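Presented below is the structure to which this report refers.
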Amino acid sequence: MVNSRRVVIAVWVVALFWTVAVPGLMLTASALFTAATGANPQQFSGVTFIPSVAPVPVTQLVDSGVHIEWAGVNLSNGSPAQYEVVRTGSDSSVHTVCTGASAPVRQIVTDSCIDTGVQADVTYTYSEKPLVQQNGSVTWSRPASNSSVPLLAPKLRFGGLGVVTTSTAPGVVAVKYPLTATTGDVAILIVRRSRKSPLTAPSGWTPLVELASNGPQSFLLIAWKVIATETSVNVDLQGTPQGSAAWIASYKRTAGNTSTPITATATVRVENAPASSTFTQTAAITTNTNNAAVISIASVLATNSLSLQTPNNYSLRSSTTATSGGNGFAIGIADQIAVKNAVTVQPATWSQSGIPALWQVATIAFS
Amino acid sequence: MKTQRMKRFSPLVSSFSALVAVAAFALGTTSALFSGTQAGAAQEFTSGTVSVGLGATSTTCNVTDLMPGDSSSGYGSGSLARTQCTYNVKYTGNASAWLAADIAISSAATTLYTADSGGLQFKVKAGSTSLMSGTSFTQVGGSSSTVANNDSVSNILLSTTPASENDLISFTIDYLLPLSAANALQGGSSALTLTFHAVQSANQPIGSCVAGRQCNTITWG
């Protein structure tokens, strides 16, 4: 019993220690009054490019150079990306193009620009790199796109078509050059009259096509020269009451083309064809130099609209009509670049609207 | 024999039960001290309260489409065109208390915060006290250290003066994505979380702690 009492006393002593001493220790150690509250996380995220892979540009020769176009890239905030467009040439040249006033512009869902700095006879590829700029400095960008399909800068490219000159009376008339024509360009004179008697090329011009037709009567004259400083040429259209019409087209020399233009085919293809809605020349043309501009010129004796039904790599450059002496005249000009010497260029298929009229078509080439 | 032994030990058993009961009672009063919400216990022991709550309306940021050079209005450099984040709180306890904040930064797989000068920068302040500048905070001894990504920094003291009931604390979070931010940060995301906490100041000397630095001489609980 004594032992039991001692045990009980000992237990109460321990209990007293737990009751008094331990809580005191815990208060000083960790049983402090505390409270806490946390804010919702502040979230931050960076902008992204959409799409994340830079689209490959598609290039096309245009009058003023090379038109470069690709699917537009936007930032995730909705604004359009900016770009660095790089041109790589077969001459090992690498240039950033489409800068400043020529910077790419957005057209609905595509961005495009024109590179006016190409040099004749050089093959180019283009890539574009989407980027953002701050204070004129590039900050973020995406890897540049893959390169575009190689494109050869031509020696010559279509410059324009001058206003038509018509005549119904004998005598010389002035046929104007296109306003865009400059010294060194190739001028091509196209005269169509509704009589079969021949026309003569003006002095200093090299005739390429002198094609007559009996039924109905018609004559097509095509001649060319390298433009000096003149802005028109006097031509005897041998006007008759049946009328005649004359135009001058020009082909501009691409930068770097310092050679005097020459004809680039041994044989000019010339054909008359009966009235039909379409016409394809029966023979192809074969070039005799590299990088030749192959030009197809079609005409009909009607105010029909001419177009390419089957382009066969030709691009339609101009299609126009005129009326003289109660007769209608129409011409169409299309061209393509033949990259290599001795290339056989298959003819395009021309089409005319309205009631079919007699075709007179020629294909020539310059380099 | 088993019965006798039981009888012989019964005073012991009952004493132990009493001990457990007393200890449980004692511990119960102790655990009530951990919470500022047990008002009944506080009244019974006439103790003060330590509690915190929200202050004025805060601006919880969800800043999207950040580009290099973008910054919030209070950062001091960059575009200054983005919205400043705020977190307004109030000390609501009636016992004076030390106040501190914890800063945690977490990021997705593609991060915007890189814990160096090339990623997202922060300026976190409580009033005029700077808690984080760029990617750095100040340690106990005054040396600067980096807030690591997907990590946190605890117990940055807000003031060496104990807070009183209804004291308002306004946290501001300004940010800058520097112009030098790498392409790899495109589309990255990060989050900064502030935790505001208080602990009784009574019987807790502040020691050498300095506002805007970590304070470890105080037991924050």
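Here the translational diffusion coefficient of the protein assembly as shown follows from Stokes-Einstein with Rh set to the Kirkwood radius across Cα pairs; for 25 °C and 0.890 mPa s it amounts to 76 µm²/s. With a 10 Å cut-off around each Cβ of B:119-127, the average count of Cβ atoms from other chains is 1. Taking a Cβ cut-off of under 11 Å around A:Thr363, the surrounding Lys, Arg, Asp and Glu residues balance to a net charge of -1, with basic ones at +1 and acidic ones at -1. Straight-line cross-link partners of A:Lys340 among the aspartates and glutamates, defined as a Cα under 12 Å from its Cα and at least 8 positions apart when in the same chain: A:Asp121.
Per residue of B:213-221, other chain Cβ atoms within 10 Å of the residue Cβ number 2 on average.
Between B:Ala108 and A:Ser353, take the C-beta separation as r, use R0 = 51 Å, and let me know the FRET efficiency to the nearest 0.05.
With a Förster radius of 51 Å, E is 0.25.
Measuring heavy-atom accessible area with a 1.4 angstrom probe and counting protein chains only, the residues of the stretch A:120-168 that give up at least 40 Å² relative to the chain alone are A:Gln134, A:Thr139, A:Trp140. Accessible surface computed residue by residue for the stretch B:87-193, with neighbouring protein chains in place and a 1.4 Å probe, gives 36 Å² per residue. Neighbouring Cβ atoms from other chains, within 10 Å of the Cβ of residues in B:56-64, number 4 on average.
The values are calculated or read from the model by the stated rules, or taken from the named source; none is laboratory data. In this text, all values refer to a predicted model and were calculated from it rather than measured experimentally. When we count neighbours, we look across all protein chains shown, and the Cβ atoms used for this are built from the backbone with ideal geometry, even at glycine. Note: accessible area is taken over every heavy atom of the protein model, side chains too, but ligands, DNA and RNA are not part of it. Shrake-Rupley method; radii C 1.70, N 1.55, O 1.52, S 1.80 Å.
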